[in-house]
Amino acid sequence: MKGEALLQVEGLAKRFGGVQAVADLSFDVREGEILGMIGPNGSGKTTTFNLITGFFRPDRGRTRFAGSEVTGLPPHAVCARGICRTFQVAKPFRELTVLRNVLMGALLRHPDPVEAGARATEVLRAVGLEGRAHMEAGSLTTIDQRRLEVARALATEPRLVLLDETMAGLTPTEVGEAMRLVAGLRERGLTVVVVEHVMRAVMSLSDRIVVLDQGTKIAEGSPAEMASDPRVIQAYLGAEYRRA
Amino acid sequence: MRRAAAAGLFLTLIVLPFLLPNPFYVHIVVMMAVFAVLGGAWNLIGGYAGQLSLGHAAFFGTGAYVSTLLVNATGISPWITLWLGGAAALLLSLPVGAICFRLQGPYFAIATIGLGEVLRLLVLHFREVTNGAQGLTVPFKGEAPWQLQFESKFPYYYIALAMAAAVVLVTRRMERARLGHYLVAIGQNQDAAEAIGIDSVRAKGQALALSAFVTGVAGVFYAQYTYVVHPDSVFGLGMSIQIALVAIVGGVGTVLGPILGAAIMESFVQSTQIAFAGQYPGLELIVYGGLLMAVILWQPRGVIPWLARVFRRAAARRPAARGAQT
Amino acid sequence: MDLTTIVQALISGVLMAGIYALVAIGLTLIFGVVRIVNFAQGEFVMLGMYATYWLWKLWGIDPYASLLITMPLLFCFGVLVQRFLLQPILHAPDLAQIFMTVGLSVALMNAALFSFTADFRSVKTAYAERALHAGGVTVPVTRLFAFVGALALAGLLTLFLTRTDVGKALRAVAQDREVSMLLGINPRRMYLLAVGLGTALAGAAGGLIVPFFYVFPTVGVVFGLVAFVVVILGTLGSIQGALLASLIVGVAESLGILFAGADLGLVMVFALLVAALVFKPLGLMGQA
């Protein structure tokens, strides 16, 4: 149901040795929206993704998706439920073709490889990679690798997509292309959570923003509100001071 | 062109025993076929799933012992125990996979060595049941096709050949099915595979189960062919390494690799045995070990991928003359 | 089954644990620094045993004294193995690395078989029969010496790793290869050192047990396997873990022999491995 909470994160916490990476984190993601997740480096954004998608098990807290509990499920089960994520450092299947990469994702809902191949071709067209279908994934440019990550995730027919710094290291033109790609996801009826450092992208794409600092949510609201929120500004500036 | 070659090869294989001068040579090709089956089975988990097993003898020996024990105790036909031996090996593989495939690292290789050794020790220990170090024998029935016993080596050859052909077909089917794709994805990047819904533990487990089953069946055949099962030979580390070697030398993760590997390995074994005439114990295995190291140093992926690269380069050179005009 | 018997088993287990620790430390050192799993570690023990045997047989050198010869000898052997067999495949797929050391293991085992035959050999020293007795428990001096020797060597190694610059450099490479290069450490040399040390330790373990252990070509298989269990249980790459785990494994094996029979000691060890993989796959030292 559009507008209702699709993903509910409640009280998530995760400690690694001496570092509390995520501490009592709670937020909702509403169906159909693009939620931006920002915060200084080390604030726990990627860890949160890892916790939601099952790559780490939370020490405390719960994650609910579409009304059912997904806390602690292994990554492949989380994907089967409808949450797919991309990685901060892209992890393509390097030696395989672009098409085969996406095929792997399509096989989840279409076990017949022939059918999955057809679906994969469609997805490639949707992200603009159909011209590179038979290139080796390892030889793609950065922006195309990001496209591939998104395509592969799309092929699993998720309801929620978690994008981890998709725009890192892209040129301004490429950022614009990436933004169109992300906006296109929402048009397809997907819900998206975007972790980004490229501020203009996050601010203009997101319907709402959640700000993390030191593993916990410090603010939440519209992009305009967040841009002028003193706590948010403090977190970014403060982080630099804290490191010194 | 390819079909003609394949057909030609197939026909050659069918008439092969008739072309050979004496039964000793037929024995050699029977062993080649058996190792082609074993290598092919190993390939499913070692090549496609990238999980190196150094203990496939555990599955081989399980098949051999389960079958021979049943045949001795109940007189049941080995044609049935072929399946039972395979099933026993499959069951054995389930906990191994469940425990090891959750982990990334050399754990599977180490655990499989342990498995082989432990089974060998257990068989030696419980000698009231297994006859310990003396091993078991298959009751000799002369020419008894329903008991999988023949006087000539020819029928054994054809059975083994059929098994090898079956393994080739199964491997090809698997390659094209979802499991085959999933195994490749896992081998490329397990985290990424998991993120797109691939249950890596399950996929590897299925590959292992299939591999173990086929290996167990081969063990039953071997017991029937040689009439004897000894713990040190069927459960031994040497057997595990030989099995893995066949797939590695030929080319892991390829359909034909194990076949070529078996042919190479078996020729090697036989020629060294002839050359050294059994006088120098251990010499041929030194050569094995040396061969393994040499292959790894020269072509870590095996002979077939190397050949494939050679052919690709040769094919690429030909159109260049025509392409130069553009 | 009375208390004395159990105490005897515990003590035997602890004494043997020292030897297992030595072999395992060598293995974990090689893995920690070079990141290669050495499936021939057990065969290095076997080499040490044969070297010690022949030195005794041909020139009457006492097994403990011959450590001064066998350790440097095996160190050099390890260096050669690293230089010619492992270095070329450092970046090859895991399969290649595993099978390289497996190939080495097979070659060594059978070279021994070929050169020395399958005969079981043993070394008889003057003190071989002597034992300490206390409260119904017997401790053969040879086993005690082996334990003390193993601890001493482990202690020396720890001092080396913590107090010397070279040792620290070795640990640096184990922790982070790239950063240590930035610090001017030559990783190749560290690899040679690590493999040399790991081999020497295994060889020393072999030499220490020759007074009470038969020497034969496949004797290394068990040691290799046990070393693996110790290393996994103690966490790959952790020396402290290896020490702790070797205690557990040694005692478990000993108790296994007591309750299940002499030939099933290894089965107990394997059961420990299974337990470790199920409950604590990252080992006792956690996320090392």
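Values quoted throughout were computed directly from the atomic coordinates according to the rules given, and no laboratory measurement underlies them. Please read all numbers here as calculations on a predicted model, not as lab measurements. All Cβ positions, glycine included, derive from the backbone under ideal geometry; neighbour counts span all protein chains shown.
Charges at C-beta only: +1 for Lys and Arg, -1 for Asp and Glu. How large is the resulting dipole of chain B about its Cα centre, in Debye rounded to 20?
Using Cβ point charges on Lys, Arg, Asp and Glu, chain B gives about 1380 debye.
By a straight-distance test (C-alpha under 22 Å), which lysines pair with A:Lys217 as possible cross-link partners, with residues fewer than eight away in the same chain excluded?
Hits, sequence-local ones excluded: A:Lys14, A:Lys45.
Any idea what the dipole of region A:93-152 comes to, in debye rounded to 20, about its Cα centre with Lys/Arg Cβ at +1 and Asp/Glu Cβ at -1?
I would put it at about 140 debye.
Roughly how compact is chain A, stated as its Cα Rg over 2.2 N^0.38 Å to two decimals?
Taking N as the residue count of chain A, the ratio is 1.00.
Could you point to the residue in A:Ser204, A:Val194, A:Gly184 farthest towards the positive end of chain A's charge dipole, with +1 and -1 charges on the Cβ of Lys/Arg and Asp/Glu respectively?
So the residue we want is A:Val194.
Put a dot 7 Å past each Cα toward the Cβ at C:Arg83 and B:Ile274; how far apart are the dots in nm?
3.9
Over the protein assembly as shown, what is the percentage of antiparallel beta bridges among all DSSP beta bridges, to the nearest 5?
Here the share of antiparallel DSSP bridges comes out near 65 percent.
Picking from B:Arg313, B:Arg172, B:Arg120, which is most flexible by a Gaussian network model of chain B using Cα springs under 10 Å?
Residue with maximal mean-square fluctuation among B:Arg313, B:Arg172, B:Arg120: B:Arg313.
Name the residue from C:Val222, C:Leu183, C:Pro88 whose Cα lies farthest towards the positive end of the charge dipole of chain C, charges +1 on Cβ of Lys and Arg and -1 on Cβ of Asp and Glu.
So the residue we want is C:Leu183.
Under a crude label model (7 Å from the Cα following the beta-carbon direction), how far is B:Glu143 from C:Ala262 in nanometres?
5.0
Which FRET efficiency value, to the nearest 0.05, is calculated for A:Thr173 and A:Ser228 with the Förster distance at 22 angstrom and r the Cβ-Cβ distance?
0.15
Taking GluC sites (Glu not before Pro) that fall in a DSSP loop and have at most 15 other Cβ atoms within 10 Å as cut points, what is the longest piece of chain A between them?
Looking at chain A, A:96-244 is the longest stretch - no exposed GluC sites (Glu not before Pro) with at most 15 other Cβ atoms within 10 Å.
Among DSSP beta bridges lying fully in chain A, give the percent that are antiparallel, nearest 5.
Taking every DSSP beta bridge with both residues in chain A, the antiparallel ones total about 55 percent.
From the Cα gyration tensor of region C:1-125, with a ≥ b ≥ c the square roots of its eigenvalues, which class applies: rounded if a/c is under 1.5, or else prolate if a/b is larger than b/c, or else oblate?
Oblate is the answer for region C:1-125, as a/c is 1.5 or above yet b/c matches or exceeds a/b.
Starting at the first residue of region C:80-97, write each ³J(HN,Hα) from the Karplus equation 6.51 cos²θ - 1.76 cosθ + 1.60 with θ = phi - 60°, in whole Hz, x for Gly and Pro.
Coupling constants for region C:80-97: 5, 4, 4, 4, 9, 10, 8, 3, x, 10, 4, 10, 7, x, 3, 3, 4, 5 Hz.
Applying 1/(1 + (r/R0)^6) with R0 = 22 Å to the Cβ-Cβ distance of A:Arg15 and A:Arg62, what FRET efficiency is obtained, to the nearest 0.05?
0.85
With a point put 7 Å past each Cα toward its Cβ, work out how far B:Thr74 is from A:Met199 in nm, to one decimal.
So the label points at B:Thr74 and A:Met199 sit 7.7 nm apart.
Suppose R0 equals 41 Å; then what is the FRET efficiency for B:Arg202 and C:Glu129 from their Cβ-Cβ distance, rounded to the nearest 0.05?
Here the calculated transfer efficiency is 0.10.
Rank the residues B:Ser200, B:Ser271 as a footprinting-exposure proxy: fewest other Cβ atoms within 10 Å of their Cβ go first.
Least to most surrounded, the residues fall as B:Ser271, B:Ser200.
Give a quick list of chymotrypsin sites (Phe, Trp or Tyr not before Pro) in region B:81-168 that DSSP marks as loop, anything other than H, G, I, E or B, with at most 12 other Cβ atoms within 10 Å.
Here the chymotrypsin sites (Phe, Trp or Tyr not before Pro) that fit, given the DSSP loop and packing criteria, are B:Phe126, B:Phe140.
Across every pair of different alpha-carbon atoms, what Kirkwood hydrodynamic radius in Å does region C:3-279 reach?
18.9
Once you keep just the Cα pairs under 8 angstrom separated by 6 or more residues, what percentage relative contact order results for chain B?
Once divided by the residue count of chain B, the mean separation gives 31 percent.
Would you mind calculating the relative contact order of chain C from Cα pairs under 8 angstrom and at least 6 residues apart, reporting the percent as a whole number?
Result for chain C is 38 percent.
What is the log10 of I(q)/I(0) for the protein assembly as shown, computed with the Debye formula using one identical point scatterer on each Cα and no solvent, at q = 0.09 Å⁻¹?
Once normalised to I(0) and log-transformed, intensities are -1.02.
Grab the DSSP H runs of the protein assembly as shown that are 4 residues or longer, score each as -39,500 (n - 2.57), total them, divide by all residues and round the 222 nm result to the nearest 500 deg cm²/dmol.
Only helices count here, giving -21000 deg cm²/dmol.
In whole Hz, with x marking every Gly and Pro, tabulate ³J(HN,Hα) for region B:235-241 from phi via Karplus 6.51 cos²θ - 1.76 cosθ + 1.60, θ = phi - 60°.
9, x, 4, x, 5, 4, 5
Taking the dipole about the Cα centre of the protein assembly as shown, with the C-beta of Lys and Arg at +1 and of Asp and Glu at -1, give me whichever of C:Ile61, A:Pro58, B:Ala49 is farthest to the positive side.
B:Ala49
With the Cα gyration tensor of region B:78-197 giving a ≥ b ≥ c as the square roots of its eigenvalues, does the rule (a/c under 1.5 for rounded; else a/b larger than b/c for prolate; else oblate) give rounded, prolate or oblate?
Oblate, because a/c is 1.5 or more while a/b does not exceed b/c.
Normalised by the number of residues in region B:1-89, what is the relative contact order in percent for Cα pairs under 8 Å and 6+ residues apart?
In percent, rounded to a whole number, it is 18.
Rounded if a/c is under 1.5, else prolate if a/b is larger than b/c, else oblate: which is chain B, with a ≥ b ≥ c the root eigenvalues of its Cα gyration tensor?
oblate
Taking neighbour Cβ counts within 10 Å as the exposure measure, how do C:Ser246, B:Ser240, A:Ser206 sort from fewest upward?
Going from sparsest to densest Cβ surroundings: A:Ser206, B:Ser240, C:Ser246.
For the protein assembly as shown, with only Lys/Arg (+1) and Asp/Glu (-1) charged at the beta-carbon, what is the dipole magnitude about the Cα centre, in debye rounded to 20?
1380
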